Amino acid sequence: MYAGGGGTMAGRIRDEDIALVRERTSIADIISETVTLKSAGGGNLKGLCPFHDEKTPSFTVAPARNVYFCHGCGAGGDAIKFLMDAEHLSFIESVERLADRANIQLRYLEAGPVPVRPQQGQKQRLVAAHAVAAEFYAGQLGTAGARPAREFLARRGFDRAAAQTYGCGFAPDTWDALTRHLRQKGFTAQEMITAGLAREARSGSLIDRFRRRLLWPIKDLTGDVIGFGARKLFDDDDGPKYLNTPETPLYKKSHVLYGISQAKREIARQGRAVIVEGYTDVMACHLAGVPTAVATCGTAFGADHIGVLRRLLMDTDAVAGEIIFTFDGDAAGQKAALRAFEEDQRFVGRTFIAVSPDNMDPCDLRLAKGDLAVRDLVARREPLVDFALRQVLNRYDLDTVDGRVEAMRRAAPLVAKLKDREKRPEYVRKLAGDLGMEIEPVQRAVRNAENELRNAATAPARGDRPSPPTRPAPAAPTVDNPQVMVEREALKLALQVPVLAGPMFDALAPEVYQHPVHRVVRSAVEAAGGAASATGGAVWIEAVRDACADLAAVALVSELAVEPLRIDNEPDPRYVSITLSRLEWGAVTARIRDLKSKVQRINPAANKDEYFALFGELLSLEQHARALREQAMGGL
């Protein structure tokens, strides 16, 4: 659970405004910016959970109710909770972010509407500072001093429209032009330093981090600018060729992929991502008709980048995403490709490499041979394992026995690492043919490599990704019990269609529910005002979550809010009546069993009054049970 309205630091947001944000926010739109969602039937959507590693999608989104739930790790809630967990925002920051998207003017109990508050959460302030910086730098690109930057772009084949599309900018030849501009906009020195936009000079004064450089704004998945890449333009600039934003609360270079905000929808649609090496390569690919290109920013392609792409590609055992690496054909490019092959084993999808025959990167290739050549480069890709094997074999003299044996030993682990086991025998035959050896020794070498990998996998791993914090999973060990199933269905009706369930649901007390966690959820529905008073959606579900007395019940509410009802068509009053009659019938028959047991233990002669009172109650309950049974049998 999380506190509605936030703490006192930022001023409490009015409850009706929070409710309005929940109602007007499309959770599918929010989550689709970081997770590829596909239809799961019944109006629900499914994707790979962003909160834990998984190969089979268990992350369910219910757009009709604006809630989500992961059956794997138990994460669940509404759009506000998703942003809090996915982007590490506070409650207030998350509400403010969604309110901005929905053009809702928030009101605070301590103060009236304020567009930018000094107490705003740090992340939002840093994002705002970057937005101002990006606008400032883009404006500078048209100045006289930025002529070398414009000439550089023109030489690389990019006109003014391309520069505007990618937000290219220029850091002017002054020490503190951006710093002064940000101060005028109300940003503090500490905010500028924390954002990586300014730094302290030896004198102690604040100066711009970037100076006399061509700049590319680097955006996250949601399209917010979180950093910059800066290209050297002048020979007397003694800095590195490329200078990137340092690590900040926003900018984590191991997670950042340049071009991801522009490419994400095409990556999801095509099931393909093209990995290139630089900012101009991303621009060239996009403009040449390869809109799925992205690039790392000042670091090697690694496991965290894979995590970002897997969720966009929905890379699972059932759906194979395609990753295409484009590297220069030089030694550094070959090394990068082999390193990518090592990381590739984290992918389920198929992985390829595209190397230009002239060792040109996509930007040079577009300049020399046009857009079609860039598209052809990607189309002519080859499986990364083929390239990796060829690079290994090229290191040895295969005309000698020692060379062939050593090459076999080095290449065997690459074949053993192939995720698709059915391809291994084919690659064993291919490797034997390339080596000019009999197949048996190559098979033995690959088997030995498989055993070594298996032993390494079962040993205590070092440096593995830490396990996600455990989340309370709903306690439902007897979900196959018919009574427990009908209890779940009744609770789903109250959460998903409270207008329909209404008074019939509210009339059945918590004691009707046998499962203890179900009973807690039923009490929470009552504490939230009852199903009859609700209109449904994320606001209602969140009210029930907040009213839950324990964490297992909170998790169960999230799960039941997205779990499909056990009916093919839309639920109607008749289905509600049948379900709740079955629920009450189960409770009444349990009470009848208890009474029968008690009646059998009473001596009617010695305890005549008690015996007849219980017997009368038993007859009444049996009559009620028959009526409920008839209702419960109505068409089921």
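The values are calculated or read from the model by the stated rules, or taken from the named source; none is laboratory data. Worth saying up front: this structure is predicted, and the values here are computed from it rather than measured. All Cβ positions, glycine included, derive from the backbone under ideal geometry; neighbour counts span all protein chains shown.
Quick notes
- Taking the criterion of being β-branched (Val, Ile, Thr) and more than 24 Å from residue 584 (Cα to Cα), the only residue of region 595-622 that qualifies is 602.
- From the list 404, 366, the one residue that fits, being assigned by TED's automatic domain parsing to the domain that holds residue 304 and either surrounded by 12 or more Cβ atoms within 10 Å (Cβ to Cβ) or modelled with pLDDT under 90 (or both), is 366.
- Evaluating residue 359 against the criteria (1) modelled with pLDDT of 90 or more; (2) within 19 Å of residue 278 (Cα to Cα) leaves one unmet condition, (1).
- Taking region 596-618 as the range and being surrounded by fewer than 16 Cβ atoms within 10 Å (Cβ to Cβ), under 30 Å from residue 489 (Cβ atoms) and not small (Gly, Ala, Ser) as the test, the residues that pass are 596, 617.
- Looking only at region 501-536, and only at residues there that are under 34 Å from the mean Cα position of the chain (by Cα) and not in a helix (DSSP H, G or I), the one that is nearest to residue 555 (Cα to Cα): 515
- The condition of being modelled with pLDDT of 80 or more and touching a His at 6+ places or on another chain (Cβ under 6 Å) holds for only one of 304, 281, that being 304.
- Pairs, first farther than 10 Å from residue 497 by Cβ in region 567-580, second part of a helix (DSSP H, G or I) and modelled with pLDDT under 90, C-beta under 7 Å, six or more apart: 577/631; 578/631; 578/632
- Near pairs, Cβ below 7 angstrom, 6+ apart or cross-chain, from region 432-446 (at positive phi) to any residue that is surrounded by 13 or more Cβ atoms within 10 Å (Cβ to Cβ) and of a type outside the set (D, E, K, R): 436/398
- Checklist (1) at negative phi; (2) buried (at least 24 other Cβ atoms within 10 Å of the Cβ); (3) touching a Ser or Thr at 6+ places or on another chain (Cβ under 7 Å) applied to residue 60, failing item: (3)
- Residue check, residue 44 polar (S, T, N, Q), on the phi > 0 side of the Ramachandran plot and not assigned by TED's automatic domain parsing to the domain that holds residue 534: no
To keep it simple, each residue is scored yes or no on (1) crowded, with 21+ Cβ neighbours inside 10 Å; (2) more than 28 Å from residue 162 (Cβ to Cβ).
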| site | (1), (2) |
| --- | --- |
| 200 | no, yes |
| 215 | yes, no |
| 229 | yes, no |
| 233 | no, no |
| 239 | no, no |
| 243 | no, no |
| 249 | no, yes |
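- Note on region 384-401: residues that are over 25 Å from residue 275 (Cβ atoms) and surrounded by 13 or more Cβ atoms within 10 Å (Cβ to Cβ) amount to 2.
- Meets criteria (within 28 Å of residue 24 (Cα to Cα), exposed (fewer than 12 other Cβ atoms within 10 Å of the Cβ) and either hydrophobic (A, V, I, L, M, F, W, C) or at pLDDT below 90 (or both)) for residue 630: no
- Of the set (1) surrounded by 17 or more Cβ atoms within 10 Å (Cβ to Cβ); (2) of a type outside the set (S, T, N, Q); (3) under 19 Å from residue 78 (Cβ atoms), all apply to residue 517 but (3).
- Identity of the residue in region 612-636, hydrophobic (A, V, I, L, M, F, W, C) and outside any helix (DSSP H, G or I), that ends up nearest to residue 582 (Cα to Cα): 633
- The residue that is farthest from residue 216 (Cα to Cα), among those in region 286-316 that are crowded, with 21+ Cβ neighbours inside 10 Å and of a type in the set (Gly, Ala, Ser), is 288.
- All conditions in (1) in a loop (DSSP other than H, G, I, E, B); (2) under 23 Å from residue 495 (Cα atoms) hold for residue 39, with the sole exception of (1).
- Selection status of residue 609, in a helix (DSSP H, G or I) and either over 26 Å from residue 629 (Cβ atoms) or of a type in the set (S, T, N, Q) (or both): yes
- The C-beta contact set for region 22-33 (first residue in contact (Cβ under 8 Å) with a residue 40 or more places away in the chain, second residue among the hydroxyl-bearing types (Ser, Thr, Tyr) and in a loop (DSSP other than H, G, I, E, B), distance under 8 angstrom, 6+ apart or interchain) comprises 33/222.
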